[in-house]
Amino acid sequence: MIVAMVSVVGAMGLLVATGNTVHIMSSMIPIFVMPIAVLDAVHILSDFYDRYPQYRDRRKTISHVMDELWRPMFFTTLTTCAGFASLALTPIPPVRVFGVFVAFGVFLAWLFTVTLVPAYIMLMPEKALKNFGGKSLEQERHGALARLLYAVGGFSLARSKAILLALAAALGIAAYGVTQIEINDNPVKWFSADHDIRVADRALNERFAGTYMAYLTLEPAAGATSVDTIADETAKLLNALGGAAATQTVAQIPTAQEAANSAEELIAALEAFAFENLDLAQTDEAWDAWDAVLLTLDQARQTGDIFKRPDMLGFIEGLQSHLQASGLVGKSNALPDIVKTVHRDLFRGEDEAFRVPTTQAAVAQTLITYQNSHRPQDLFKLVTPDYRKANIWVQLKSGDNVDMNAVVNSVADYMAANPAPVALSHQWFGLTYINTVWQQKMVAGMLTAFLGSFVIVLVLMTFLFRSFFWGLLSMAPLTVTIAMIYGVIGLIGKDYDMPVAVLSALSLGLAVDYAIHFNVRSRQLFETFGNWPDTAKAAFGEPARAIFRNVIVIGAGFLPLLVAPLIPYQTVGVFISAILVLAGATTLLAMPALITIFEKRFFPSTIKKGAVHAQSA
């Protein structure tokens, strides 16, 4: 426990010293470091407990223990650090901080374990170890735990094919479960169902329009308000006006369009032409005709103010109705709501007047009226001052990512099926939408981190055993464990949320530890026995006991998280414990079965002298 405490203090101390803010992810650093920090210490003490009755000498015993364990402990530390450090590949800063500093804490735990634990043992008075161990090594081999593990080993060797067939069936079911996983998160659901926050959330969303806010911005698509587009709109308006003056002005559009660098320059050139002819008008009819042309050109200038146009406001109305009909949106607020309300008030509250006016001038009048009776900036929460960007304020009754994504997809489908009078692009923002982006980055980041750390661990295993096949064998418990854990998540309908995503990378560094210890010790023992059956029996002695004790200690170490107030902590507690138990069980059942079936591959009849020593611990 001293090693664990020192490691936690070191990791958290460095976190604070580097100026990082303590948040929900970094606050979990002690929770992960504390149980992991005692893993190597359990191996040392377990082996020392078993060996001391044989030697009755601290120095000889600890020397033997460290000779056996330093290599597997070192490589298990590297793999665990790789699993946590792989989180640095994610695009989310809090997750990166969490992964890096847990990896640092695990490294400190290894460093203090291989230095402080042997030193502490050597400083203990000899009389304190007088009855330590209690049983001789021979007696320990006949204890209840030893009998259980020997039975497991015998079953694994005798039923190796049946075990692998059962494992294959379980993996098939797990693969189906993985396909059923639904990616979803909602920070409010991090609290228990009876928590005051959850109760208040349900009550508010049952009685009001919705407490989860998202915002949809609409603006002209690229080229929608270009010189060419405004030229076409101007020509349409002038042709609709009719008359000789309008026809002459339309004839000037190609020349003005070629010389103009912007829509404003185009309109200005046409206005100059119209003013020149207005001054030359010799009759009232001619003057009126050119004055009408100028009014039309002013209307064309406002074509860029697309959200003053009745047809564009009508499009937003239709989009709002579509959102309301989805069942996920309680209410939406947008510019048409203001225009319709003011228009009704201008007509003394008549219900028939609750509509968008038919002309752009009338729309502009309602907006001026609203600004004169309210704070002018209130209007610009829903539209920009140039009326070229509009905002729809959407209130959802659920903060689940799947519901927000459903609304996003629904809007995209609607806009594709119902093109706006002016081509629009749209963009979502707001906290509810940000949560969906965060979740997508989390999923992609965790996948990158997992694949990266998987490759790193495989390379480390290949380097440790000087064999690609032994490296693959070491990855078997890890692969099986992750597949089964996530298969169960899909089968029980548990959402793939933040804590579950983090576990994918963390489990990789933890689940491979037992395989390393089992393989290293098995290869050591094979040098003595020269055949796999006797080697397997010996491997299910002290090595298996150390693995079993680690499964119990570390698995139980995460269970206190079940009483934590936040569901993510509870999830971590359950799944990390499950990962460790499954990894231990797979190591003790599947790996001996694999070695039995492929014995000639893993233990060829001839082993070069010297290579064995280099590959063993």
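The values are calculated or read from the model by the stated rules, or taken from the named source; none is laboratory data. Here the structure is a predicted model, which means the values were calculated and not measured. With ideal geometry, Cβ positions are generated from the backbone for all residues, glycine too; neighbour counts draw on all protein chains shown. Note: areas computed on protein heavy atoms with side chains; ligands, DNA, RNA excluded. Shrake-Rupley method; radii C 1.70, N 1.55, O 1.52, S 1.80 Å.
Here are the numbers for the structure shown:
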read-out: Whole-number Å³ per residue for the convex hull built on Cα positions in the range 344-448; value: 172 Å³
read-out: Net length gained if the chain between THR247 and ARG466 were fully extended (0.36 nm per residue, minus Cα distance); value: 70.1 nm
read-out: Stokes-Einstein D for the range 279-369, Kirkwood Rh over Cα pairs, 37 °C, 0.692 mPa s (µm²/s); value: 215 µm²/s
read-out: Surface share of carbon and sulfur [accessible, 1.4 angstrom probe, percent] for the range 152-254; value: 62 percent
read-out: Low-density loop positions, chymotrypsin sites (Phe, Trp or Tyr not before Pro), the range 346-404 - DSSP coil, at most 16 other Cβ in 10 Å; value: PHE347, PHE354, PHE380
read-out: For the chain, calculated [θ]222 nm from helices alone, where every DSSP H run of n ≥ 4 adds -39500 (n - 2.57); value: -23500 deg cm²/dmol
read-out: Heavy atoms of MET498 accessible to a 1.4 Å probe, total area in Å² rounded to 10; value: 10 Å²
read-out: Cross-link pairs LYS340/LYS441; LYS60/LYS600; LYS441/LYS494; LYS161/LYS441; LYS340/LYS389 - those with Cα-Cα distance over 30 Å; value: LYS340/LYS441; LYS60/LYS600; LYS161/LYS441
read-out: Residues with amide H under 5 Å from that of GLY330, placed H, sequence gap 5 or more; value: GLN395, LEU396, LYS397
read-out: Per-pair calculated FRET efficiency, R0 = 35 Å: ILE197 and ARG375 via Cβ, rounded to 0.05; value: 0.60
read-out: List GLU219, GLU285, GLU542, GLU276, ordered by accessible area with a 1.4 Å probe, largest first; value: GLU285, GLU276, GLU219, GLU542
read-out: The range 288-393: GluC sites (Glu not before Pro) in DSSP loop, at most 12 other beta carbons within 10 Å; value: GLU350
read-out: Phi-based couplings in Hz for the range 352-368 (Karplus 6.51, -1.76, 1.60; Gly and Pro marked x); value: 5, 8, 7, 7, 7, x, 8, 10, 5, 5, 5, 4, 4, 5, 5, 5, 5
read-out: Nearest-0.05 FRET efficiency for ALA364 and ALA412, computed from C-beta distance (R0 30 Å); value: 0.45
read-out: Total charge dipole magnitude, the chain, about the Cα centre, Cβ charges on Lys, Arg, Asp, Glu only, Debye to nearest 20; value: 5160 debye
read-out: Derived scalar couplings ³J(HN,Hα) [the range 198-208; Karplus, 6.51 cos²θ - 1.76 cosθ + 1.60; whole Hz; x for Gly, Pro]; value: 5, 4, 5, 4, 5, 5, 5, 6, 6, 9, 10
read-out: Pairs of alpha carbons in the chain whose separation is greater than 42 Å (percent); value: 47 percent
read-out: Net length gained if the chain between LYS331 and GLU182 were fully extended (0.36 nm per residue, minus Cα distance); value: 51.0 nm
read-out: Principal axis box of the range 188-329, alpha-carbon based, largest edge first, Å; value: 83, 30, 21
read-out: Carbon/sulfur fraction of accessible area - the range 353-398, other protein chains in place, 1.4 Å, %; value: 58 percent
read-out: On Cα atoms only, tilt of 244-259 relative to the major axis of the chain in degrees; value: 40 degrees
read-out: Amide H contacts of VAL383 (H built 1.01 Å from N, under 5 Å, at least 5 apart or other chain); value: ASN391
read-out: With Cα atoms, 0 to 90° folded angle of helix 567-597 axis to the chain main axis; value: 50 degrees
read-out: Mean accessible surface per residue for the range 389-478, computed with a 1.4 Å probe while every protein chain stays in place, in Å²; value: 43 Å²
read-out: Per-residue HN-Hα couplings for the range 511-522 [Karplus 6.51, -1.76, 1.60; θ = phi - 60°; Hz; x = Gly/Pro]; value: 5, 7, 4, 5, 4, 4, 4, 5, 5, 4, 5, 5
